[in-house]
1. Within the range 120-130, how many residues turn out to be in a loop (DSSP other than H, G, I, E, B), surrounded by 13 or more Cβ atoms within 10 Å (Cβ to Cβ) and not hydroxyl-bearing (Ser, Thr, Tyr)?
2. If the requirement is being touching a residue at least 12 places away in the same chain (Cβ under 8 Å) and over 29 Å from Leu394 (Cβ atoms), which of these qualifies: Ser241, Ser311, Ser294, Ser320?
3. What single numbered condition from (1) surrounded by fewer than 24 Cβ atoms within 10 Å (Cβ to Cβ); (2) touching a residue at least 60 places away in the same chain (Cβ under 8 Å) fails to hold for Thr236?
4. So, in the range 213-233, of the ones that are charged (D, E, K, R) and in contact (Cβ under 8 Å) with a residue 24 or more places away in the chain, which residue ends up farthest from Gly337 (Cα to Cα)?
5. Across the range 265-310, what is the number of residues that are of a type in the set (Ser, Thr, Tyr) and within 27 Å of Asn361 (Cα to Cα)?
6. Select from the range 141-156 the residues that are crowded, with 24+ Cβ neighbours inside 10 Å and of a type in the set (A, V, I, L, M, F, W, C) and list them in ascending order.
Amino acid sequence: MKSIPAILILVAGFNLSPLACADDEVRQQILKLFPQADSDKDDVISDAEIAAVRTQILKRFSRADRDGDGDLSDAELKAIIRQAASRAKRNAPNSGTSRPGNAGKNPASKTLLASMGLKGEFDIEYRRSTAQQRNKLDFIYPKKKVYDKAPLFVYIHGGGNTGGTKAAIYNRSSLVVKELTNAGIAVATIDYRVFGQGEELGFHQLFQDCKDALRFLAKNSDRFGIDPHKMVTWGTSAGGSKALICALTANEVLPGEVTGPGTEHTVLGAISFYGATTYLVPELWQKRLERFPSRSQSKGEMMFKPFDGLSKEEIQNLVSADQYLKPTSPPILLVHGDTDPTVPIELSKHLYQQAKAKGSNVKLVEVTHAGHGFKPVRGSKASPSMSWEEALELVVRQTKEWMNQK
C-alpha cells in the first residue's frame with residue numbers, strides 16, 4: 001500500500017475523542033470510505049492493510065497518537081475513523097451509498113462479464129431479505145454448452161463474518177469465472193447476512209443463509225439450466241467455513257426459509273482457503289488469541305452468544321465442520337498459509353487428521369512463508385510457495401476433476 005491520501009485529508013484538523021465500536025466495524029468503515037486502502041482488491045481490509053493505515057496516519061499526523069506512545073492504539077484508530085466518516089458525510093450530504101455486496105449495481109461486474117462474453121443475472125433474492133439486503137446472489141451462465149445440465153460452482157466470500165461481498169469473485173478471482181464458464185460450468189456468487197449491520201443474529205444463521213442459497217438454486221434448477229446434484233462450493237476465510245458446512249451437511253441441516261420439494265441438492269466437493277474448521281477446540285486458535293487478544297475475545301462473544309433457543313455449545317457444534325465428517329463425506333481441499341495468524345493453519349491440520357481417522361477424503365495444501373490470504377509474512381524475505389494466481393488455478397483444476405467424475 002503506497003499511500004492513502006483521502007484518509008489523511010479527512011482526518012486533518014480533527015479533535016480526537018474515545019469511541020466504543022467493534023474493530024471489524026472500523027475495517028468496514030475503511031473499506032467503504034477509503035477503498036484504496038484495500039491494496040489487494042479482495043474487498044477485505046486485512047491486518048497488514050490496517051497496519052499500513054496506522055503508519056500513514058502517524059506519519060502525517062503525529063498528534064493522532066494521543067498518549068504519545070509512538071503507536072496508534074485501537075481506540076485512537078477508532079476515534080479518527082469515526083470522525084473521518086462524519087466529515088465525509090458532511091461533505092457529501094446528497095450522495096447515496098451502495099449496500100455492501102450489491103454487485104448488480106456495480107458496473108464493474110457487468111463490464112467484466114461483458115468483456116468475457118458472458119451472460120449473468122445480478123442480485124437475485126434467494127430468500128426474503130432483511131434490512132441488510134444481503135440475501136442475494138449473482139448467477140453467471142456457462143459460455144459454452146458442454147453438459148445437458150450445467151454443473152454449478154458456488155463462491156462464498158470472506159470478511160470475518162462482519163463484511164465482505166459477493167463481488168469479490170469479480171475483483172480478485174475472475175480467472176475462476178473465465179476458466180469454469182469456458183468449461184461449461186455455471187458460477188454463482190452469494191452474499192449472506194453478517195454481524196455489525198444493526199441486526200441481531202445467531203452465528204448459525206450466516207450458515208443458514210448459505211444453505212438457503214443452495215436450496216434456492218436447486219429449486220430453480222430448470223430456470224438456470226443446472227444440475228442440482230453437481231455442485232462444488234469454494235470459500236475464502238469466513239466463506240471457507242461455510243463452503244465446508246454446505247458440502248458436509250444434509251439438505252435438512254440448518255433449515256432456513258427455503259424449504260420443500262425441489263430443494264434437494266448434492267455438493268460433490270468443497271474447497272476452503274484458510275477457513276475455520278472447528279469452534280470446539282480452543283487451543284487450535286492459540287496463535288490468533290496471542291496476536292489479537294482483545295479482538296478475539298469480543299468477536300467470540302458476538303458470535304457465540306445463545307440465540308433462538310440454542311446454547312453457545314449447540315451453535316458451536318452446528319457450525320463446526322469436524323462434527324460432520326464421515327467415510328461417505330464429499331472430498332475436501334484445504335489450502336492454508338503456514339504462518340496465518342488470523343485463522344491458524346492448525347485448524348486445517350485438525351480437519352485433515354480427523355478425516356484420516358474417520359476415513360474421509362480431505363487433502364491439505366500448505367502454502368509456506370504465507371499468512372492470511374497467502375500474503376507474504378512481514379519481515380520475511382521469503383516469498384509464499386504459491387501465488388494467488390496459482391491457487392486459483394488449483395481451484396479450477398480440482399473443480400473440473402470433481403465435476404467430470406462418473
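The values are calculated or read from the model by the stated rules, or taken from the named source; none is laboratory data. Please read all numbers here as calculations on a predicted model, not as lab measurements. Positions of Cβ are generated from backbone atoms using ideal geometry, with glycine treated the same way; all protein chains shown enter the neighbour counts.
1. Final tally of qualifying residues: 1.
2. Ser294
3. Unmet condition: (1).
4. Across the range 213-233, the extreme among qualifying residues is Lys219.
5. Residues meeting the conditions: 6.
6. Ala150, Leu152, Phe153, Val154, Ile156
Okay, residues lined up against (1) closer than 21 Å to Gly239 by Cα; (2) at pLDDT 95 or above:
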site: Gly337; (1), (2): yes, yes
site: Pro341; (1), (2): yes, no
site: Leu347; (1), (2): yes, yes
site: Leu351; (1), (2): yes, yes
site: Lys356; (1), (2): no, yes
site: Val365; (1), (2): yes, yes
site: Val377; (1), (2): no, no
site: Lys381; (1), (2): no, no
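This table checks each residue for (1) at pLDDT 80 or above; (2) of a type outside the set (D, E, K, R); (3) assigned by TED's automatic domain parsing to the domain that holds Ala168.
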{"residue": "Ile45", "(1), (2), (3)": "yes, yes, no"}
{"residue": "Ile57", "(1), (2), (3)": "no, yes, no"}
{"residue": "Arg63", "(1), (2), (3)": "no, no, no"}
{"residue": "Asp67", "(1), (2), (3)": "no, no, no"}
{"residue": "Leu72", "(1), (2), (3)": "no, yes, no"}
{"residue": "Ala79", "(1), (2), (3)": "no, yes, no"}
